[in-house]
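The block underneath contains the structure these notes are about, expressed in structure tokens.
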Amino acid sequence: MTTESTAAPRPYHDVPGPRGLPLIGVARDLLRDPFTLFEEITAAHGGLVRLPIPGQKTFLLSDPELIKFALLDNTGVVTKPVPLLERVDIALGKGLVTSVGETWRRNRRIINPVFARDRIQRLEPTIQAAARDTVDRWRGAAEIDLRSEMARTMLELVLEGLFSGSPLATSKFDQIAESLMVLLRFVTRLFMAAIPYDLYLPTPVRLRALWHRRRIDRIIDEMIEHRAEGGEADILSQLVDARDPETGAALSRSEVLDEARTAFLAGYETTATALFFAFLLLSRHPAAREEVEAELDRVLGGRMPTVADLAELPYTMQVFHETLRLYPSAWVIGRALAKPATLGGYRLPAGAQLHVSPWATHRSARNWPDPLRFDPSRFAPENRGAIHKFAYIPFGGGARKCIGTHLALLEGPMLLAGIAQHFRVDEEPGQTLRLGGGVAIDVLAGTRFRVTPRGG
Ligand code: HEM
């Protein structure tokens with residue numbers, strides 16, 4: 001398998017890259033600040049970079065053509081990286097994110113319709129309610145922690161959207177929130193660990209995470225048992241009712257549990273993170289914020305946005321896309337080579353780890369002019385055609401593209417519009433934004449914001 005048909009490929013150790021430190025290579029930088037590392041080495045070495053990490057053959061991809069190869073391959077050369085999946089698996093279980101092969105293909109076929117655009121639109125009232133609750137919560141507040149506020153908004157939305165806000169889900173809100181946080185922290189810890197001890201040893205952190213996973217499972221299981229009457233709009237009910245279009249088979253009880261837990265974890269943190277950065281960027285770019293506000297005032301005039309309104313809010317949509325370009329919540333997508341392959345003129349061995357990085361790709365001057373400048377007009381209809389499909393990959397691409405893409409592009413902009421028309425959100429001065437690596441970008445510091453109501 002090859003990405004080009006030129007002369008004899010060069011050996012993989014010729015792939016350009018940083019030298020790193022003796023013995024540890026870039027392992028320490030990768031743990032401390034993968035964002036700066038990825039940005040700098042992409043600028044210095046190009047679209048295919050060798051990452052010196054002891055015991056690994058790891059490559060960072062930001063060239064859109066190489067990414068296209070990695071994400072579209074359906075010949076079995078490129079796979080999901082099993083060691084990384086094992087790290088996520090322990091918290092997430094065997095849902096779509098972590099399964100491979102025939103199991104994944106079958107389950108994706110069954111679940112695809114649940115997240116199709118027309119079905120997802122039924123969540124309109126749920127999204128509106130989450131925006132309204134946020135606005136109500138902020139009345140009378142002067143300062144907020146924007147990160148936890150967006151997490152709370154998304155948690156309410158996900159609970160309501162998954163479980164129709166059944167009395168059981170509502171009464172267990174705090175328990176679910178706590179268990180979800182513990183699991184997400186655990187996944188982040190495993191994802192970023194140089195040596196993931198918790199995978200092999202019964203460490204206290206592992207035991208605690210498994211206890212919380214069981215607690216979430218018990219709650220979801222009870223909800224399957226007592227599915228809300230008329231709750232056919234919620235995702236849990238649709239997972240139970242979904243049938244394989246080829247065989248008519250349904251998901252088993254444990255598969256429904258795995259997929260519900262996966263949808264919960266994959267959909268919640270990613271969208272909350274995107275909303276955090278959308279407000280952050282608007283607070284740093286007053287002209288763009290004024291343009292968003294003018295659009296919201298003109299189209300909505302104070303009422304909550306509907307799904308249909310989004311077509312009338314092109315600038316707000318562009319802001320959301322530009323946010324996902326500069327701060328793609330899923331900042332790295334893991335792949336591995338099952339067989340040797342030629343990429344960018346180099347022969348990479350079987351077992352090579354490929355880090356397809358939306359972060360590095362979106363911030364490379366090779367792919368985007370003046371890449372660090374916030375400019376929503378990049379996504380204006382007249383400019384969109386010029387964007388390489390694999391230079392903008394916040395939701396990945398190919399067969400394993402995010403199943404929640406339509407949902408994220410509905411709930412994200414609707415929440416942004418519903419909240420931004422009522423409140424201005426400004427970064428408190430004197431704090432520094434600090435990011436950490438996780439499955440989604442983790443915001444470690446710089447989350448305090450002032451909220452100011454906008455006229456009435
Ligand atoms: C802004 C929000 C979101 C971002 C940036 C995002 C990003 C991504 C990316 C990059 C992938 C591909 C991973 C890969 O190829 O290995 C992915 C997969 C996935 N996402 Fe999302 N996601 C978002 C929201 C959601 C939502 C709302 C849901 C659902 C409830 C969801 C569920 C999933 C699932 C189940 C997969 C695995 C799909 C598969 O492998 O078949 N995501 N997401």
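Brief remarks on what is shown
- Residue match in the range 87-107 (condition: over 29 Å from Arg208 (Cβ atoms), in contact with an Asp or Glu (Cβ under 8 Å, 6 or more places away or on another chain) and surrounded by fewer than 20 Cβ atoms within 10 Å (Cβ to Cβ)): yes
- Gly351 falls short on exactly one of the conditions (1) on the phi > 0 side of the Ramachandran plot; (2) surrounded by 19 or more Cβ atoms within 10 Å (Cβ to Cβ); (3) out of contact with any helix residue (DSSP H, G or I) (no Cβ under 7 Å at 6 or more places or on another chain), and that condition is (2).
- Set Gly456, Gly436: member being at pLDDT below 95, surrounded by 16 or more Cβ atoms within 10 Å (Cβ to Cβ) and more than 16 Å from the ligand (Cβ to nearest atom): Gly436
- Within the range 351-363, tally of residues that are part of a loop (DSSP other than H, G, I, E, B) and under 16 Å from Gly55 (Cβ atoms): 2
- Within the range 246-287, considering residues that are polar (S, T, N, Q) and within 14 Å of the ligand (Cβ to nearest atom), the one surrounded by the most Cβ atoms within 10 Å (Cβ to Cβ): Thr273
- Enumerated helices (runs of 4 or more DSSP H) restricted to the range 78-135, each holding at least 2 residues that are under 28 Å from Phe186 (Cβ atoms): 82-92, 101-111
- Residue in the range 196-208 that is under 24 Å from Met154 (Cβ atoms) and either open to solvent by 20 Å² or more (accessible area, probe 1.4 Å) or in a helix (DSSP H, G or I) (or both) present: yes
- Residue match in the range 294-302 (condition: away from the ligand (no atom under 16 Å from the Cβ), open to solvent by 10 Å² or more (accessible area, probe 1.4 Å) and of a type in the set (Val, Ile, Thr)): yes
- Test set (1) at pLDDT 95 or above; (2) open to solvent by less than 30 Å² (accessible area, probe 1.4 Å); (3) among the small types (Gly, Ala, Ser) - Ala365 fails condition number: (2)
- Inspection of the range 333-350 finds no residue satisfying the criterion of being under 14 Å from the mean Cα position of the chain (by Cα), assigned to a loop (DSSP other than H, G, I, E, B) and either among the basic types (Lys, Arg) or within 12 Å of the ligand (Cβ to nearest atom) (or both).
- Subset of the range 394-420 that is within 7 Å of the ligand (Cβ to nearest atom) and in a loop (DSSP other than H, G, I, E, B) - its residue that is most open to solvent (accessible area, probe 1.4 Å): Lys401
- Residue count for the range 235-245 satisfying the condition of being more than 10 Å from the ligand (Cβ to nearest atom) and either closer than 30 Å to Val425 by Cβ or part of a helix (DSSP H, G or I) (or both): 6.
- Within the option set Thr42, Thr75, Thr79, being within 12 Å of the ligand (Cβ to nearest atom), hydroxyl-bearing (Ser, Thr, Tyr) and farther than 23 Å from Ala417 by Cβ holds for one residue only, Thr79.
- Tabulated pairs, the range 300-318, first among the β-branched types (Val, Ile, Thr), second open to solvent by 30 Å² or more (accessible area, probe 1.4 Å), C-beta under 7 angstrom, 6+ apart or interchain: Thr306/Glu124; Val307/Gln121; Val307/Glu124
- Positions within the range 168-182 being acidic (Asp, Glu) and modelled with pLDDT of 85 or more, in sequence order: Glu178
- Among the numbered conditions (1) open to solvent by 40 Å² or more (accessible area, probe 1.4 Å); (2) at pLDDT 95 or above, the only one that Asp375 does not meet is (1).
- Qualifying residue in the range 364-387 (condition: without any contact (Cβ under 8 Å) to a residue 24 or more places away in the chain and part of a strand (DSSP E or B)): no
- Looking across the range 101-113, just one residue is more than 9 Å from the ligand (Cβ to nearest atom) and of a type in the set (A, V, I, L, M, F, W, C), and that is Ile110.
- Test result for Asp241, surrounded by fewer than 18 Cβ atoms within 10 Å (Cβ to Cβ) and under 27 Å from Ile120 (Cα atoms): yes
- Arg50 passes every criterion in (1) charged (D, E, K, R); (2) within 16 Å of the ligand (Cβ to nearest atom); (3) outside any helix (DSSP H, G or I) apart from (2).
- Ala141, sole failed condition from (1) part of a helix (DSSP H, G or I); (2) more than 30 Å from Arg122 (Cα to Cα); (3) over 23 Å from the mean Cα position of the chain (by Cα): (1)
- Beta carbons closer than 9 Å, at least 6 apart along the sequence or on distinct chains, pair a first residue in the range 13-32 that is in a loop (DSSP other than H, G, I, E, B) and surrounded by 15 or more Cβ atoms within 10 Å (Cβ to Cβ) with a second that is modelled with pLDDT under 85 and among the charged types (D, E, K, R) for Gly20/Arg28.
- Candidates in the range 183-199 are the residues that are β-branched (Val, Ile, Thr) and under 18 Å from the mean Cα position of the chain (by Cα); of these, the one that is farthest from Pro34 (Cα to Cα) is Val187.
- When Leu444 is tested against (1) exposed (fewer than 15 other Cβ atoms within 10 Å of the Cβ); (2) out of contact with any strand residue (DSSP E or B) (no Cβ under 6 Å at 6 or more places or on another chain); (3) farther than 17 Å from Arg284 by Cα, just one condition goes unmet, and that condition is (2).
The values are calculated or read from the model by the stated rules, or taken from the named source; none is laboratory data. Given the structure is predicted, the values throughout are model-derived calculations rather than measurements. Ideal geometry is used to build each Cβ from the backbone, glycine not excepted, and the neighbour counts take in all protein chains shown. All accessible areas refer to the heavy atoms of the entire protein, side chains included, with ligands and DNA or RNA removed. Shrake-Rupley method; radii C 1.70, N 1.55, O 1.52, S 1.80 Å.
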